[in-house]
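Down below is the structure, laid out as structure tokens.
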Amino acid sequence: MSYRAFMMATCRSFFPAALALALSLLATPASAQDLTAGNWQFRAQIYGWFPTVSGETTFPASTGGATATVDADDYLDNLRFAFMGSFEARKGKLGVLTDYIYLDFDAEKGGSRNLRLSGPLGQISIPAGASADVNLRLRGWAWSLVGTYTAIEKPQYEMQLVGGVRYLKIDTTIDWQLRGNIGALPQFAVSGASTVKPDVWDAVIGARGRMNLGDGNWFVPYYVDVGTGQSDLTWQAMIGFGYAFAWGEILGAYRHLDYDFSSGNALKDLTFSGPALAIGFRW
């Protein structure tokens, strides 16, 4: 079994169990006053994220054109911009958390053979003496909105259950030009351009929290969720290492965001994975 298949099977098994656990904890008898006791607390964080991208996209043909399939990790080696920000509001055990990610990648690759073309009659074989100049651009954002419930709150450790939605919108554009010995290839296969613009909504559940290291200001934050909806499966995980101040914290983290899409979707899968640096403020 491949790593991706293993993760899909594991997450699909985990999703109903985690949902049942969340519902059982939320159903624990408690008055509304108990749940919202205390003052409002707020936290905002700004991240710089430096992910690598992998995924496979099939670009549909324009009228009379060719269908092109590319692997993002073969091309996207240039990060143009990545930004993340989050905002959290809590009162007592209940809260709300929103998170926003914006990404912009752009890459050109000359002399590539990592391009698969199909036409009206099926697969098009690129001659051995030919190669492609390819420009691939990926621009998009992911937005999450979840409610939080504090299940564990101790001086050294806290954990919150989360549940809500995540929205992904990605615009992916390709243009290519074959060069060299193109032989008798049809003109529509020699050059072309296409764009796909998928957007998906998913329900997600998970957990987040932090563990304080000793009696000092160092701590380990973490976050994990899994979900499904318009995608077959989405999941993400984050773990980091931070230092707390009276006004907030600074931290370094590693974050992974993964999507598997339904068959027939132009975007087959998409993964963002890499380190991040953040500064947070609380009041």
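Here, each number is a calculation from the coordinates, and none is a lab measurement. Computed from a predicted structure; not experimentally measured. Cβ: placed from backbone, ideal geometry, glycine included. Neighbour counts: every protein chain shown.
Summary of values
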| quantity | calculated |
| --- | --- |
| Approximate shape of region 225-272 as ellipsoid semi-axes (Cα gyration tensor, √5λ), whole Å, largest first | 33, 10, 7 |
| Residues LEU97, LEU213, sorted so that the one with the fewest Cβ neighbours within 10 Å comes first | LEU213, LEU97 |
| Karplus (6.51, -1.76, 1.60) ³J(HN,Hα), θ = phi - 60°, over region 251-268, in Hz, Gly and Pro reported as x | 7, x, 8, 10, 10, 10, 10, 10, 10, 10, 9, 5, 4, x, 6, 4, 8, 7 |
| 16 Å reach of a label modelled at TRP218, 7 Å along Cα-to-Cβ, counting backbone N of region 230-246 | 240-245 |
| Full-extension gain in nm, ASN135 to PHE245, via 0.36 nm per residue minus C-alpha separation | 35.1 nm |
| Global geometry of region 165-283, whether rounded, prolate or oblate, following the gyration tensor of its Cα atoms and the 1.5 cut on a/c | prolate |
| Amide proton proximity set for ILE124, modelled H, under 5 Å, gap of 5+ | LEU117, SER118, GLY119 |
| Straight-distance crosslink candidates among lysines, where the alpha carbon sits under 18 Å from LYS93 and sequence neighbours closer than 8 are dropped | LYS154 |
| Residue order, fewest to most surrounding Cβ atoms within 10 angstrom, among SER131, SER54 | SER54, SER131 |
| Ranking of ASP99, ASP215, ASP199 by count of other Cβ atoms within 10 Å, fewest first | ASP215, ASP199, ASP99 |
